[in-house]
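First up is the structure itself, then whatever we jot down about it.
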Amino acid sequence: RLPDDHVIVICGATGDLARRKLLPGLFHLANAGLLPTRYRIVGTAPAADALGDEEFREHARQAVAEFGRAAPEGPSWRSFVETLSFGAADPGDPAPLLAAVQEAERAVGGSTRRLFHLAVPPVAFGSVVTMLGATGLSDGARVIVEKPFGTDLASARALNDTLHAVFDESRVFRIDHFLGKESVDNILALRFANGLFEPVWNRDHISHVQIDVPESIDIQGRARFFEGTGTFRDMIVTHLFQLLGFVAMEPPPRLDARSLREEKTKVFRSLRTLDPANVVRGQYEGYRDEPGVAPGSDTETFAALRVEIDNWRWAGVPFHLRSGKALAEGRHMVTLTFRQPPLRMFPATAPDGTTPRPGTLAIDFDDPGRITVRFLAKEPGPDMRLGRAEMVFDYAGSFAQEHTLEAYEHLILEAMLGDQSLFTSAEGIDRLWEVSEPLLKDPPPVEPYPKGSWGPDSIHRLVRPHHWYLPDGR
Ligand code: BG6
């Protein structure tokens, strides 16, 4: 499956995302033989940041040297770097970009597809999209859009209106890089390729679900971005809700983009509007001393919430979501807890006084990922004692990893192929902001938590009678 011949335009080509992810990612796709037979990559930025073609190639070389998986050298680098050119564009003067795109299309020859990757800050978004429309550059083109996709319902709707005035929804690829992770895709395989798991994937057998993305890093000097955003907008309404969509969706009739997006949107439609009383916002101690943070800042660096999905599959099964900065560990976990069997034939407590914990299925989607089933087994010996046992599937140990794509690589490839399965939809995003409105309007005050902890203590009352799992299943 190779994409059609392409001209890929990186808007914001001198920025951080292009340097860290897009240029190294494109070079990796080239090395993996996954780019089209013929393609050109055009970088663009406002005239104030313009580079010449050679300067852009050098910029790409440095980016790949610093962040790429293979060194920028040898024949593969030489043929890749030849495809790069640069054309500046300001809303009032798009001529250099137009010329560069036309030149690139001539070089590719025949019929080419255009793909714009908008790696630009939110303030520039509207003017870039409008410029692409006004110049006709958008004709027949696809567009990749980065998060944040709005900051609330009204701004997300305004962004979608701006976008849809130029690109219809079938040509819009909104990136949520979590959806490009291998083991998130694997949730679909686990659920729908096996007869074993899906029959128990519902309220009859599952008592609660935890979606947990703690990060050990702090804001890493990104105060300007973070102060206006906070963990709820940065992580929950985006990545964690998208994961929830994959975990909770009904089996789609087919594994195509339309069916998958429809099923995910149905989950979002069933999501109960957030009650601020079911949310804990935290802020790590010392955050207000970070350079660029306001002394009395109310921005949350941590959010934990209990959400409910009001449909037949999940009614009464709470979903516990947590993410935050400067926590004890950086992990990506989804844990489903099974109900206790209807009849308890075993002692409620083990001889050492502990209560055997119910069985769980934990999906760890740190790349390369792992799935652990924890259950009770008889400890050897004359007495009937129960101990916790584990079955582990480890991606790294089970499959060769040489074809693994990083999230960005995977998603850029899917956008070139025109497959929207792993991209978010206008309707889905709209609904997620809609359920978030009460929280955004009336957020509970932030509670301090020590760096290196698992968040403020009050998170425990949120999930009673259940409790939070640590990544090792405790
Ligand atoms: C980004 C957020 O979208 O995701 C960051 O803006 C966060 O704040 C990052 O650190 C986490 O991504 P990953 O793939 O490293 O877990």
Counting only C-alpha contacts under 8 Å and six or more residues apart, can you give the relative contact order of the chain as a whole percent?
18
Give, to the nearest whole percent, the P(r) tail of region 20-69 beyond 11 angstrom, counting all Cα pairs.
71
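How would region 126-254 be classified by its alpha-carbon gyration tensor: rounded, prolate or oblate, with rounded meaning a/c under 1.5 and the a/b versus b/c comparison settling the rest?
oblate
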Just to be sure I understand: if I project the alpha-carbon convex hull of region 302-367 onto a plane and average over all orientations, what area do I get in nm²?
7.2
Residues meeting the amide H criterion for Ala389 (H placed from the backbone, H to H distance under 5 Å, 5 or more places apart or on another chain) are Phe375, Leu376, Ala377
If you average the sequence gap of Cα pairs under 8 Å that are 6 or more apart and divide by the length of region 123-224, what percent do you get for the contact order?
23
Given 10 °C and 1.306 mPa s, compute D for the chain with the Stokes-Einstein relation, Rh being the Kirkwood radius over Cα pairs; round to the nearest whole µm²/s.
66
Shape of region 89-135 from its Cα gyration tensor (a ≥ b ≥ c, root eigenvalues): rounded if a/c is under 1.5, otherwise prolate when a/b > b/c, or oblate?
prolate
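Using helices alone, I'd like the mean residue ellipticity at 222 nm for the chain: each DSSP H run of four-plus residues gives -39500 (n - 2.57), total over residue count, nearest 500.
For the chain, the value works out to -9000 deg cm²/dmol.
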Compute the semi-axes of the equivalent ellipsoid of region 168-314, taking the square root of 5 times each eigenvalue of the Cα gyration tensor, and list them largest first in whole Å.
32, 18, 14
Would you kindly find the accessible area of Val128, with a 1.4 Å probe and non-protein molecules such as ligands, DNA and RNA excluded, rounding to the nearest 10 Å²?
20
Karplus-derived 3J(HN,Hα) from phi for region 212-220 (6.51 cos²θ - 1.76 cosθ + 1.60, θ = phi - 60°), whole Hz, x at Gly and Pro, runs 10, 10, x, 10, 7, 6, 8, 7, 6
Can you list the aspartates and glutamates whose alpha carbon is less than 18 Å from that of Lys378, not counting same-chain residues fewer than 8 positions off?
Asp352, Glu390
Quick query: amide H of Val9 versus all other amide H atoms, modeled in the peptide plane; which residues come in under 5 Å with a sequence gap of 5 or more or a different chain?
Val42, Leu115, Phe116, His117
In terms of the Cα gyration tensor, with a ≥ b ≥ c the square roots of its eigenvalues, is region 31-111 rounded because a/c is under 1.5, prolate because a/b exceeds b/c, or oblate?
oblate
If you bin every alpha carbon distance in region 61-205 into 5 Å steps from zero, what whole percent lands in each bin?
2, 7, 12, 14, 14, 15, 13, 9, 6, 4, 3, 1, 0
Output wanted: per-residue J couplings in Hz (rounded whole) for region 327-333, from phi through Karplus 6.51 cos²θ - 1.76 cosθ + 1.60, θ = phi - 60°, x for Gly and Pro.
8, 5, 9, x, 9, 9, 9
Residue by residue through region 451-462, the couplings from Karplus 6.51 cos²θ - 1.76 cosθ + 1.60 with θ = phi - 60°, in Hz, x for Gly and Pro, are 4, x, 9, 10, x, x, 4, 5, 5, 5, 5, 4
Between Lys451 and Leu386, what length in nm is gained on full extension when 0.36 nm per residue of separation is reduced by their alpha carbon distance?
19.8 nm
Exceeding 30 Å between C-alpha atoms, which entries from my cross-link table qualify? They are Lys181/Lys441; Lys147/Lys264; Lys21/Lys264; Lys21/Lys451; Lys147/Lys451.
Lys181/Lys441
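The values are calculated or read from the model by the stated rules, or taken from the named source; none is laboratory data. These numbers come from a predicted model, not from an experiment. Accessible surface areas use protein heavy atoms only, side chains included; no ligands, DNA or RNA. Shrake-Rupley method; radii C 1.70, N 1.55, O 1.52, S 1.80 Å.
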